[in-house]
Amino acid sequence: MAQKVLDVKDLSIDFDTLNGTVKAIRDVSFHLDKGETLALVGESGSGKSITVRTIMRLLADNETITNGTIDFEGKDILKESKKEMDKIRGGKIAMISQDPMTSLDPTMNIGNQVAEPLRVHEGMSKHKALEQAAEVLEEVGIPNARERMRDYPHQFSGGQRQRIVIAMAIIDNPDVLIADEPTTALDVTVQAQIIKLLKDLKDKIGTSIIFITHDLGVVANIADRVAVMYAGKIVEYGTVDDIFYNPQHPYTWGLLDSMPTLSMNSDRLNTIPGTPPNLINPPKGDAFYARNKYALKIDHEKQPPFFKVSDTHYAATWLLDKRAPKVTPPESIQKRQAEFKKRGEADHD
Amino acid sequence: MTKKDPIVSVKHLKQYFNVGKPDEVKAVDDISFDIYPGETLGLVGESGSGKSTTGRDIIRLYDPTDGEIDFEGKNISKLKRKQMKDFRSQMQMIFQDPYASLNPRMKVEDIIAEGLDINHLVKNADERDKRVHELLHLVNLNEEHASRYPYEFSGGQRQRIGIARALAVKPKFIIADEPISALDVSVQAQVVNLMQDIQEKEGLTYLFIAHDLSMVKYISDRIAVMYNGKIVEMADTDELYNHPLHKYTQSLLSAVPVPDPHSEKQHKIIKFDHSKPFKDDQYLQEVTPGHWLYCSDEEAKQYK
Ligand SMILES: Nc1ncnc2c1ncn2[C@@H]1O[C@H](COP(=O)(O)OP(=O)(O)OP(=O)(O)O)[C@@H](O)[C@H]1O
Ligand SMILES: Nc1ncnc2c1ncn2[C@@H]1O[C@H](COP(=O)(O)OP(=O)(O)OP(=O)(O)O)[C@@H](O)[C@H]1O
Ligand SMILES: [Mg+2]
Ligand SMILES: [Mg+2]
């Protein structure tokens, strides 16, 4: 049996705002096995970053955790002392945050910043730590890294800053790496290089990775398992093959359907019509109800539980209830599947 | 047939940083290109190759080291910041780093309406509110968001605030620096459809900087590929995707990840040799009609 390194149970988070309480995370549970990569995908604003920030215990002033536990090494992270947390954060659990600029100190040169985890967590000498920092900066592909160690964050491009944050996160070989859109600002060749670097890290020291991205091509490449989020909830999870080849939730269908592909030639992109619900008053039933053309009456009234599709695959949609009418995924999804299959067969020849 | 006059014309633009120091960077190194009214020029390429710097030069956030930038035939590269004010409502930029570009102490409605206020585009508070709400809906946010502060938003929501702000003043030309990379694919599709609708309605022109090559392919009429401060290739979109000539372009296109786990796991990327990318006798030249390649005269012959 795979060993769980991280276990998030029933997490719920509120934000206090002038307009009322935003119920941003609603009953989220998932786990991370040792050495696996879990991709967290889904709607922008669905709570991906908030969820992973909570694992690092990085909370905003107006944020309250109303329920839930996060087990790490047999202890609940949410109950750890501040001192204990300082040891874990950046050492055992490291994070590449979505906004590189907010995790970089504008007044400190990048050499010192990247070296800092080694100084703090390993007590390494400055000279040695800086030497390693230069090596890691070269590994993440900062040109002239050694010459530019004394430059400050604002002197780097968006993608370079992102790589500086990556260097800082991986320098101390974390057990768990949380990567919040680590490659969005990178060109695809550098992205491929970073993905390879993360995979090597995983093979070398068994790092477990939570990877948030909007790029489903990247998910296909790096993920072992995938969880799909919508409006503060996980709506479907399974292995990467489950999600790409046998998606069940209408939101997952909509998501897969919105992607343009290089081979595509159409005038207009598919979208999911409508907007996500206001989470000050979350809907009583399925939050995707209003935008779901396959919605049943019960979706309006009651939240769907997780239905089991297979041992690895679960989806929260009433369409999977025995009493529900049989629906087939949209034609465009089926077309994509057929294309996948064809390619898969061609690859075997 | 005469081609329309370009709305933006960039001539031999150079932008160097830390000049004369060991960490000198030639961020943009002698590039020239035109953008025609109503078109979308996609700008792609290596991270750190000078795409954002090019955008920032055009909108005059930087003073170019050398070269000329014309907007509607007028040289704006020597204008002082103050004189640029007249152009600000005609030219807007959506910034790559939404968090750094939104004033954290301002409410979203004031961020979006800033341009409206400065340029006196609304008569009274009611009209201002109405326009702000309209813009929020346009980018798939709602009026409840108007009174919030930037930190109360997700990355993708912030990006949309930046888009609403840019659209507010009804500019003629927008530099969109990674406007959609922070959004989920369905919102990406919405924003791209929206940008195209507005383009059709108002004849807008875009410089669209992005890394997502399938999105760039979809939205752009023409594409320029940057590498190491230079434009190495430029052509109509289909031509570039079907017949990439530069080794860097080929490498880039081969690296686009495919949303299909089985084929993605065996994905092979064409390697590009970064050690000696340029030779002295190479420059950007038109090798077939409309297809520009950074190469030597000798190399150009094989395509002509
Ligand atoms: N400090 C805050 N106060 C109020 N609401 C907040 C705050 N921080 C986040 N939110 C809200 O919580 C929700 C979840 O935000 P989160 O950043 O986790 O989204 P996300 O899934 O990471 O989105 P993206 O893909 O756009 O980065 C959003 O609707 C956001 O507006
Ligand atoms: N203020 C500055 N001082 C020194 N160097 C700078 C400055 N701004 C940018 N640079 C350097 O100029 C080069 C081009 O940066 P630019 O931001 O234009 O790249 P980009 O193509 O937009 O990259 P990305 O795709 O990563 O955003 C980079 O090497 C960067 O480090
Ligand atoms: Mg996020
Ligand atoms: Mg940039």
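The values are calculated or read from the model by the stated rules, or taken from the named source; none is laboratory data. All values derive from a computational prediction rather than experimental measurement. Here Cβ is always computed from backbone atoms with ideal geometry, including for glycine, and neighbour counts include all displayed protein chains. Accessible surface is based on the protein model in full, side chains and every heavy atom, while ligands, DNA and RNA are left aside. Shrake-Rupley method; radii C 1.70, N 1.55, O 1.52, S 1.80 Å.
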Gap separating the Cα centres of the range B:8-42 and the range A:26-46, nearest whole Å: 41
Unit charges at the beta carbon, dipole of the protein assembly as shown: most positive-side option, A:T239, A:S81, B:V25: A:S81
Percent antiparallel among DSSP beta bridges (both partners in the protein assembly as shown, rounded to 5): 60
Dmax and Rg, reported as Rg then Dmax, of the protein assembly as shown (C-alpha, Å): 24.6, 74
Those aspartates and glutamates that a straight Cα-Cα span of less than 16 Å connects to B:K51, excepting residues fewer than 8 apart in one chain: A:D187, B:D29, B:D30, B:D34, B:D63, B:D97, B:D177, B:E178, B:D212, B:E233
For the range A:239-337, convex hull of alpha carbons as volume per residue, Å³: 122
Shielding score for A:207-216, defined as the mean number of other chain Cβ atoms within 10 Å: 3
By accessible area with a 1.4 Å probe, ligands and nucleic acids excluded, highest first: order of B:K74, B:K130: B:K130, B:K74
Taking all pairs of distinct alpha-carbon atoms in the range B:24-64, Kirkwood radius in angstrom: 11.5
In the A-B interface, the accessible area buried, summed over both sides, Å² (probe 1.4 Å): 5000
Where A:S49, A:S81 fall by accessible area, highest first, once all protein chains stay in place (1.4 Å): A:S81, A:S49
Ranking by accessible area, most exposed first, for A:T252, A:T69 with a 1.4 Å probe: A:T69, A:T252
Ratio Rg/Rh [Cα only; Rh per Kirkwood] for the range A:121-162: 1.00
Chain A: relative contact order as a whole-number percent, Cα under 8 Å and 6+ apart: 18
Over chain A - Rg/Rh using Cα atoms and the Kirkwood inverse-distance radius: 0.98
Check: chain A dipole with +1 on Lys, Arg Cβ and -1 on Asp, Glu Cβ, in debye: 520
Dipole in debye (nearest 20) - the protein assembly as shown, about Cα centre, beta carbon charges: Lys, Arg +1; Asp, Glu -1: 760
Reference-scaled alpha-carbon Rg (2.2 N^0.38 Å with N residues) for the range B:39-116: 1.24
The protein assembly as shown - percent of accessible surface contributed by carbon and sulfur, probe 1.4 Å: 49
Inter-chain Cβ neighbour average for residues B:71-80, partner chain, 10 Å: 0
Fraction in percent of alpha-carbon pairs per bin - 10 Å, the range B:247-304: 20, 36, 25, 17, 1
Top of B:V108, B:V139, B:V122 by mean-square fluctuation, Gaussian network on chain B, Cα under 10 Å: B:V122
Computed Kirkwood radius, in angstrom, where 1/r is averaged over Cα pairs of the range A:1-100: 14.5
Proximal lysines to A:K83, defined as alpha-carbon separation beneath 17 angstrom and excluding residues fewer than eight positions away on the same chain: A:K75, A:K92
Chain B, Cα convex hull volume normalised per residue, Å³: 166
Translational diffusion of the range A:100-208, µm² s⁻¹ [Kirkwood Rh, Cα pairs; Stokes-Einstein; 20 °C; 1.002 mPa s]: 154
Solution diffusion estimate, µm²/s, Stokes-Einstein, the range B:127-194, Kirkwood Rh from C-alpha pairs, 20 °C, viscosity 1.002 mPa s: 173
Where only alpha carbons of the range B:43-201 are counted, the Rg and the Dmax (Å): 15.9, 46
Alpha-carbon radius of gyration plus Dmax, which is the widest Cα pair, for the range B:132-236 in Å: 14.6, 46
5 Å-binned pair-distance histogram of the range A:173-285 (Cα, whole percent): 2, 9, 17, 19, 19, 16, 10, 5, 3, 0
Net dipole in debye of chain B [+1 Lys, Arg Cβ; -1 Asp, Glu Cβ; about Cα centre; nearest 20]: 620
Inter-chain shielding of B:43-50 (mean C-beta neighbours from other protein chains, 10 Å cut-off): 6
Nearest-10 value in Å² for the accessible area of A:F306, using the 1.4 Å probe: 90
Whole-angstrom gap from the range B:236-261 to the range B:45-64, using each part's C-alpha centre: 23
